[in-house]
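Report on the following structure.
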Amino acid sequence: MIKQVEGFNKYIAIAGFRNAQISDVDHRVNLVREKLGAVTVQFFDAKLIAGWEHLYFATLNALKAFKNKTNISKNLAVECLLYASARRQIKVALDLIGIRQDSSQIAVLVVAHEKNITEKSLAKVTTLISGKHDNSVLDLSNEKIMHVRRLFGISGTELAAKLEQDGEKRALSDIVIEHVALLVTQR
């Protein structure tokens, strides 16, 4: 999925991969970033992503942070990771939702200035990542619910209040996006 981000002159691509096997995470991530050049790319453990909206709004908040000079990190990819995890510490964010050697479901975020560059970069990532391109790993499945609730500290009460308006998956996704947005208030 590729979306234009109004007001930032950027395009965001978000994709999922199933059955990924990355024996040396640092080497593979550095290789992908080297091959893509000036394009921003970040990887996430898809088992903890609450839908594509989770990464979209994390990226939107990261872009706003750079625009307003309130960014935590010096790098947009890292800022996206921080917002997606709703944490202020890079190591904590990496440990929580970054990819590891045992990550078999991976979410990839690509940010570029032009739509065709975003498309080409995502296609290149697909050739550099082992595994099957499968965006369904981004979906908030029943298996993910407890892991995502635990990661974001979402109580039964918080979820129940939102459930009165929406179904469980929609409610949980909305709450995660709210937690992502609240990172900016934690100074």
Is it true that L96 is touching a Leu at 6+ places or on another chain (Cβ under 7 Å), touching a residue at least 12 places away in the same chain (Cβ under 8 Å) and in a helix (DSSP H, G or I)?
-> yes
Search result, residues across segment 82-120 that are of a type in the set (S, T, N, Q), over 23 Å from D24 (Cα atoms) and surrounded by 18 or more Cβ atoms within 10 Å (Cβ to Cβ) = T118
Being closer than 15 Å to A15 by Cα and touching a Cys at 6+ places or on another chain (Cβ under 8 Å), is that true of even one residue in segment 61-84?
-> no
For segment 77-118, how many residues meet the condition of being closer than 21 Å to I2 by Cβ and hydrophobic (A, V, I, L, M, F, W, C)?
-> 12
Could you tell me whether segment 57-76 includes any residue that is outside any loop (DSSP other than H, G, I, E, B), touching a strand residue (DSSP E or B) at 6+ places or on another chain (Cβ under 9 Å) and over 19 Å from E6 (Cα atoms)?
-> no
Of the conditions (1) over 27 Å from Q4 (Cβ atoms); (2) at pLDDT below 80; (3) charged (D, E, K, R), K169 clears all except one; give me its number.
-> (1)
For E79, all conditions in the list (1) over 23 Å from E143 (Cα atoms); (2) in contact (Cβ under 8 Å) with a residue 60 or more places away in the chain; (3) surrounded by 15 or more Cβ atoms within 10 Å (Cβ to Cβ); (4) not aromatic (F, W, Y) hold save one; what is the number of the exception?
-> (2)
If we keep only residues of segment 1-60 that are surrounded by 15 or more Cβ atoms within 10 Å (Cβ to Cβ) and among the small types (G, A, S), then the residue farthest from Y83 (Cα to Cα) is A20
For segment 39-59, pairs from a residue that is in contact (Cβ under 8 Å) with a residue 40 or more places away in the chain and at positive phi to a residue that is in a loop (DSSP other than H, G, I, E, B) and surrounded by fewer than 24 Cβ atoms within 10 Å (Cβ to Cβ), with Cβ under 9 Å and 6 or more apart or across chains, are G51/D139; G51/L140
Picking from F44, F57, the residue that is of a type in the set (A, V, I, L, M, F, W, C), under 19 Å from I175 (Cβ atoms) and modelled with pLDDT of 95 or more would be F44
Right, I14: touching a residue at least 12 places away in the same chain (Cβ under 8 Å) and not in a strand (DSSP E or B) or not?
-> no
Those residues of segment 17-42 which are outside any helix (DSSP H, G or I) and within 30 Å of N68 (Cα to Cα), in sequence order = G37, A38, V39, T40, V41, Q42
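The values are calculated or read from the model by the stated rules, or taken from the named source; none is laboratory data. Keep in mind that what you see is a predicted model, and the values were worked out from it rather than measured. Note: ideal-geometry Cβ built from the backbone for every residue, glycine included; neighbour counts use all protein chains shown.
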